[in-house]
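Reviewing the structure listed below.
A short reminder: the numbers here are calculations on the coordinates, not readings from a lab. Bear in mind the structure is a predicted one, so any value in this text is a computation, not a measurement. Cβ: placed from backbone, ideal geometry, glycine included. Neighbour counts: every protein chain shown.
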Amino acid sequence: MRDAHETAPSRDSGDTADPHTTAPHPAGLPAAALAVPLPANDLPGAVLPATELLGGGLPGAGLPAATVRTRVTVPLRFGDGYTVTADLVTFHGLADGQEHVAVILGEPAAGRPPLVRLHSECLTGDVFGSARCDCGPQLREAVERIAEHGGVLLYLRQEGRGIGLYNKLDAYALQDQGLDTYEANAALGLPEDARDYTAAAQMLRALGIDALDLLSNNPDKAQQLRDLGLTVTHRVPTGVFTTAQNVRYLRAKVVHTQHTLPLTELTAG
């Protein structure tokens, strides 16, 4: 797999971290491996919205603590034959009440921050291999790069940039009529991007992570984590995964939300 970590500089920091430390198993991040009963209030919708939970003052000062619920080892196998062993971690007390999962891979070298990706769930891309987006290849790339470097992939239940699966498919129908991905959301009366990363910050804190390298082309992810009190040492670009069907989508991400993708390579097709 081509490793974009070494070839594309980070807009945030001017340099990149080195992801190439290899570890044989996902053992080293400081997280409890406890399985405890689910409290009655730890259900979707039972937690106050993040905007009500965060107060003023220092970044992250009002961030409510989440705790580890379960940590279990799972062998992963991808369609191209790549295999790796990961620890999957679940949580109590996430601000949005969703069932997000941390995938712990490898172990960072001493003195180096973990490599972290916030990956928003995409049923069509991650599971069915849709060519309309780049989500599936980004997930596959992220797992291998994080396993080599040591870190965590947060699999966040934020289908369709937070608008849900049915709304995303409604937006696809509008895209087929000529709108781009953000225009389609707006035409449906929905946010261009509804994602809030408060729960992601809680998950990282529960795993003992306060500083990280972020594997992402999206500057908003880095800024939200910083606003929530985490230190994003570097923002590391992903690879570029183009198809004839997703070029317009990728260009829209550059134009609308300043993703760090090479616009010259994303010619309309």
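According to the Kirkwood expression over distinct Cα-Cα pairs, how big is the hydrodynamic radius of region 154-269, in Å? Don't jump to the answer; show the numbers that get you there.
On the way: mean 1/r = 0.0646 Å⁻¹.
Mean inverse Cα-Cα distance, inverted, gives 15.5 Å.
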Hey, what's the per residue convex hull volume over the C-alpha atoms of region 204-250, in cubic angstrom?
-> 87
Classify region 77-137 as rounded, prolate or oblate, taking a ≥ b ≥ c as the square roots of the eigenvalues of its Cα gyration tensor: rounded when a/c is under 1.5, otherwise prolate if a/b is larger than b/c and oblate if not.
-> oblate
What is the Å³ per residue value for the convex hull set by the Cα atoms of region 94-220?
-> 107
Residue 256-residue 169 pseudo-label distance in nm [points 7 Å out on the Cα-to-Cβ vector] = 2.0
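Taking 0.36 nm per residue of separation and subtracting the Cα-Cα distance, what length does fully extending residue 210 through residue 176 add?
Separation in residues times 0.36 nm, less the Cα-Cα distance, equals 8.0 nm.
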Taking the Cα centre of region 78-155 as origin, work out the dipole magnitude from +1 charges on Lys and Arg Cβ and -1 charges on Asp and Glu Cβ, in debye rounded to 20.
-> 140
When the Cα centres of region 87-125 and region 244-258 are compared, how far apart do they sit, in Å?
-> 25
So, with points 7 Å from each Cα along the Cβ direction, the residue 85-residue 244 label distance in nm works out to 4.3
Would you work out the charge dipole size for region 173-269 about its Cα centre, treating the Cβ of every Lys and Arg as +1 and the Cβ of every Asp and Glu as -1, and quote it to the nearest 20 debye?
-> 180
Between residue 128 and residue 110, what is the spin-label point distance in nm, taking each point 7 Å from the Cα along the Cα→C-beta axis?
-> 5.0
